[in-house]
Every structure is written in C-alpha cells, then in structure tokens.
1. Enumerate the helices in the chain for which the Kyte-Doolittle hydropathy averages 0.0 or more and the C-alpha atoms extend at least 20 Å along the helix's axis, using complete DSSP H runs.
2. Given a 1.4 Å probe and the protein chains all in place, what does the accessible area of Thr89 round to, in Å² to the nearest 10?
3. Where both residues lie in segment 23-163, what percent of DSSP beta bridges are antiparallel, nearest 5?
4. For segment 22-143, go through all pairs of different Cα atoms, get the mean of 1/r, take its inverse, and jot down that Kirkwood value in Å.
5. So how much slack lies between Cys209 and Thr164, counting 0.36 nm per residue of separation and subtracting their Cα-Cα distance, in nm?
6. Among the lysines, which have Cα under 27 Å from the Cα of Lys169 when same-chain residues fewer than 8 positions away are ignored?
7. In nm, what is the difference between 0.36 nm times the number of residues separating Ser131 and Asp70 and their Cα-Cα distance?
8. Taking Cα centroids, how far is segment 148-193 from segment 104-119 in Å?
Amino acid sequence: MNIILLGPPGAGKGTQAKLITEKYSIPHISTGDIFRKNISEKTPLGIEAKRYMDDGQLVPDEVTIGIVNDRLSMEDCKNGFLLDGFPRTVNQAEALDLFLSSNDKKIDTALLIDVPKEFILERMTGRRVCSACGASYHIKFNPPKAEGKCDICGSSLVQRKDDTEETVKERLDVYDRQTQPLIQYYKEQNILETVNGTEEINTVFKKVCDVLGAVK
Ligand code: AP5
Ligand code: MG
Ligand code: ZN
C-alpha cells in the first residue's frame, strides 16, 4: 500500500502516520523528520535545510526530491510506504509520479487530514517532541505519562523551533500557496480521500483505517 498524507501543519499527519505504519507494517517517510535528523547531526543537508525551516519556508524542490527518491529506492519500501509531508508542491508531486511510474509503481491513496486553521495554533504551540527519539506529544491533547519526559525512551521533551506563533502563521501561508493545490491534483487522479482531523486522535485513526481498509 503506497500512501501519501496531506494536510496543513499541525493536522496530525505525524501522529496518524505513526499509528498507520505500525498497523500496516510499512515505513514512515517524513521529510520533516529527515531534515530534523540532519540538522541535529549538523550534516551539509541539515545546515542548508535549517535556513528554510526556521523561517517556515520550504526547502527547495531540487534538494527534497532527490532525498525522497533515494529513500523510496530502499529495500523496505518494496511492499509499500507512507509519505508524510511530501509532496508539498505540484513540482514535487509530478516528480514523484515520474519516479514511481518509471519503477512500475503508483500512489494508491492521497489521504487528506482536514483541519481548519482555527485549530492549528493551539495544536502547534502545545506540541512537545522527544529530543532523542522524535516522538510527538501535546500538553493538553496527548500528554506524556510523566511531565516533560518521553513515554518511549524517557528523554526530555522540547518544543520545535518552528512552533512559535509567528512561524506557524508563515507555514500556514506557505501551505495555502504551495501545498493546497495538491488537493485538486490528487482529486483529478481519483485517489483523494478526506478524513475530518478535528476529532480525538483515536477517532481520527478509526476513520483513517476505514478508508485504508477499503483501499487494500
Ligand atoms: P514537517 O515536519 O512536515 O511539518 P508540517 O507539515 O508543518 O507538519 P507538522 O509536523 O508540524 O504537523 P503534523 O501534521 O505532523 O502534526 P502532528 O501529528 O505533529 O515540516 C517541517 C518543515 O520542513 C517545513 O516547514 C519545511 O521547511 C520542511 N519540509 C518538510 N517537508 C518538505 C517538503 N516536502 N518540501 C520542502 N520542505 C519541506 O500534530 C501536531 C500536534 O497536535 C501534536 O502536539 C499532536 O499531539 C496534536 N494532535 C494531533 N492530532 C490531534 C487530534 N486529533 N486532536 C488534538 N490534538 C492532536
Ligand atoms: Mg509532522
Ligand atoms: Zn523518546
């Protein structure tokens, strides 16, 4: 099963991706996570990506497309994958289609997690992520068992640098201008599915499973 998760920043893509990839045993490919790992390791890619991410802008397509193609060529993607946060521009979507078709593959479902803007700011400013394993929490909607500590590995939880009010607003603008057109793009391919992402995490996941179960 080859899946794309679409949706604005803070829609819950990462949260649902984790649940989906566990259930369906497919790799979770998040370009944001790949960039953040490179930033923490201070690689040349990380140094370049950071310049854009800190301002809420997109990392250039030339950089991002190559990284995803390399990742999708790996053995663990043979029986399916879930892309979270990619594609994010029409240019990236076209490059992905080209790459997949040249490998006799295609996207089965583009799943839009639909969350209106008024929910987003509270979700982003309340998000905390594990400094070691990257697991994501919310101080109100998905709190860790012990305050400030990761349930999985016990490391301390931190705020993402781009989760400030100002940067979140910029990221929402970037989403409207550059990523929103993908909804139409996948509608035209007849593979768009939409779930309401404003409900509780497990309720959203149930609906996601209903949609994916029908695809499988
Ligand atoms: P990326 O890391 O992909 O960020 P994003 O798209 O802005 O999305 P987020 O990760 O912020 O939100 P999410 O939808 O995953 O929500 P989450 O599950 O965490 O990208 C970061 C940056 O990297 C970009 O700005 C760009 O610079 C660069 N980049 C990445 N990909 C790129 C690409 N393809 N091209 C170019 N540049 C790229 O949930 C958010 C919070 O809400 C959490 O606290 C969670 O616990 C909570 N929550 C989740 N679901 C619910 C619910 N149902 N109810 C209540 N709370 C919930
Ligand atoms: Mg995410
Ligand atoms: Zn952790």
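1. Working: long enough: 201-215 (21 Å, 1.09).
For the chain, where a helix must reach 20 Å along its axis and average at least 0.0, the hits are 201-215.
2. Answer for Thr89: close to 10 Å² accessible.
3. Details: 7 of 10 bridges.
Of all bridge pairs located within segment 23-163, approximately 70 percent are antiparallel.
4. Working: mean 1/r = 0.0617 Å⁻¹.
Evaluated on segment 22-143, it is 16.2 Å.
5. Values: separation 45, 0.36 × 45 = 16.20 nm, distance 3.19 nm.
Computed gain between Cys209 and Thr164 is 13.0 nm.
6. Lys13, Lys18, Lys37, Lys42, Lys50, Lys117, Lys140, Lys161, Lys187
7. 19.4 nm
8. 12 Å
The values are calculated or read from the model by the stated rules, or taken from the named source; none is laboratory data. If you're wondering where the values come from, they're calculated on a predicted model, not measured in any experiment. Glycine gets a Cβ as well: all are built from the backbone with ideal geometry, and neighbour counts include every protein chain shown. To get the accessible areas, we keep the full protein, side chains included, count just its heavy atoms, and leave off ligands, DNA and RNA. Shrake-Rupley method; radii C 1.70, N 1.55, O 1.52, S 1.80 Å.
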